[in-house]
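Only one structure is covered here, and it is reproduced in the block below.
The values are calculated or read from the model by the stated rules, or taken from the named source; none is laboratory data. Keep in mind the model is a prediction, meaning the values are calculated, not measured. No Cβ is skipped: glycine too gets one built from the backbone with ideal geometry, and neighbour counts run over all protein chains shown. Surface areas here come from the heavy atoms of the whole protein model, side chains and all, with no ligands, DNA or RNA. Shrake-Rupley method; radii C 1.70, N 1.55, O 1.52, S 1.80 Å.
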Amino acid sequence: MRFVTFELQGKARPGIVTGADVVDLSEEGFGSLLEIIEGVVERRADASKFLRSTRSHKLSAIRLLAPIPIPRKFICVGLNYLDHAKESGAEIPNVPTIFNKFATTVIGPGQPIVLPKVSNSPDYEGEFAVIIGKGGRYIKADNWREHVFGYTVVNDVSARDFQRATTQWLMGKTFDTFGPMGPWIVTADEIADPHALDIRTEINGEVLQNSNTRELIFKVPQLLEFLSQVFTLQPGDVISTGTPAGVGFSHNPPRWLKPGDDVVITIAGIGELRNPVVAES
């Protein structure tokens, strides 16, 4: 299933995409997609009844938002692709590099990435992201599938000058609009192997990143075990697993984002996340 959050008549609503339509789950009494992730969809028999809802809308007639517009936690993993670590000139990490983005970074498909006035090196990072379903602490790697609700696409937009100004990356990663997410969450049962998905980033039709999630250094089971030994993972938490080779700083000259760019990140089995780029006014 493909779960979405969409806006209709000024109200955010949860839904399921079925072909060219979106089943409106607010008609079933759900206020948000997070409510569904927290409980109901763990029972797959209940999920199927949603598709019999009498109220639906044409996908073309509604505005998609980020599937989790205000995540409890937006966790990111740095240097987690072999090819990206090599292009960065970094040693292959022995433990995951973890940082976070604030909820104010999150935008949905079609919404503009706003380039801040104070940065001169804004970069793109196409990423495969995991959405937590069943929460927990001290999750064992062997039990990872019990805790994954589904997957989505993220762009970890980064201001490299701010990121590199200190050893802490957060300030370069968490400008407003620097967390595009979507277009939907594909449930885990639809993806047989999350570590065998082609991932590609195009800007204005030019392919700049082209890799596969098999390049991940720390895969989903290891990430869930590592993170949950420190803090409780909660339903709806977003874990963006890192970016492959081909980011802007790796080009000569660097290929920074600029106003007018059209950024498209595609992950096989999940879909396409497209965002325009504008300058801060």
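Tabulated data
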read-out: Pairs where the first residue, in segment 7-28, is among the acidic types (Asp, Glu) and the second is in a strand (DSSP E or B) and open to solvent by 30 Å² or more (accessible area, probe 1.4 Å), C-beta under 7 Å, 6+ apart; value: 7/63; 21/56; 21/58; 24/56
read-out: Residue ranges of strands (runs of 3 or more DSSP E) in segment 215-281 with at least 3 members at pLDDT 95 or above and within 20 Å of residue 64 (Cβ to Cβ); value: 262-267, 271-279
read-out: Cβ-Cβ under 7 Å pairs, at least 6 apart or on other chains, segment 171-183 side more than 17 Å from residue 98 (Cα to Cα) and part of a loop (DSSP other than H, G, I, E, B), far side of a type in the set (Gly, Ala, Ser) and modelled with pLDDT of 95 or more; value: 175/159
read-out: Cβ pairs under 8 Å, 6+ apart, first in segment 96-113 and on the phi > 0 side of the Ramachandran plot, second aliphatic (A, V, I, L, M); value: 110/64
read-out: Lone qualifier among 202, 190 - being under 19 Å from residue 149 (Cβ atoms) and open to solvent by 20 Å² or more (accessible area, probe 1.4 Å); value: 190
read-out: Of all residues making up segment 102-121, the number that are within 18 Å of the chain's Cα centre (by Cα) and not small (Gly, Ala, Ser); value: 10
read-out: Elements of type strands (runs of 3 or more DSSP E) in segment 61-119, at least 1 residues being open to solvent by less than 20 Å² (accessible area, probe 1.4 Å); value: 74-78, 97-101, 113-115
read-out: Given (1) assigned to a loop (DSSP other than H, G, I, E, B); (2) more than 16 Å from residue 77 (Cβ to Cβ); (3) free of Cβ contacts under 8 Å to residues at least 60 places away in the same chain, number of the condition residue 161 does not satisfy; value: (1)
read-out: Candidate set from segment 201-214 (those that are in a strand (DSSP E or B) and hydroxyl-bearing (Ser, Thr, Tyr)); member that is farthest from residue 272 (Cα to Cα); value: 211
read-out: Extreme residue, surrounded by the fewest Cβ atoms within 10 Å (Cβ to Cβ), among residues of segment 171-187 that are out of contact with any Lys or Arg (no Cβ under 8 Å at 6 or more places or on another chain) and of a type in the set (A, V, I, L, M); value: 171
read-out: Counted residues, segment 131-148 - those being surrounded by fewer than 24 Cβ atoms within 10 Å (Cβ to Cβ), part of a strand (DSSP E or B) and either under 18 Å from the mean Cα position of the chain (by Cα) or without any contact (Cβ under 8 Å) to a residue 60 or more places away in the chain (or both); value: 1
read-out: Extreme residue, surrounded by the fewest Cβ atoms within 10 Å (Cβ to Cβ), among residues of segment 225-244 that are aliphatic (A, V, I, L, M) and in contact with a strand residue (DSSP E or B) (Cβ under 7 Å, 6 or more places away or on another chain); value: 227
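Conditions tested, residue by residue: (1) out of contact with any Pro (no Cβ under 7 Å at 6 or more places or on another chain); (2) closer than 18 Å to residue 157 by Cβ.
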position: 51; (1), (2): yes, no
position: 56; (1), (2): yes, no
position: 62; (1), (2): yes, no
position: 68; (1), (2): yes, yes
position: 71; (1), (2): yes, yes
position: 74; (1), (2): yes, yes
position: 86; (1), (2): yes, no
position: 97; (1), (2): yes, yes
position: 106; (1), (2): no, yes
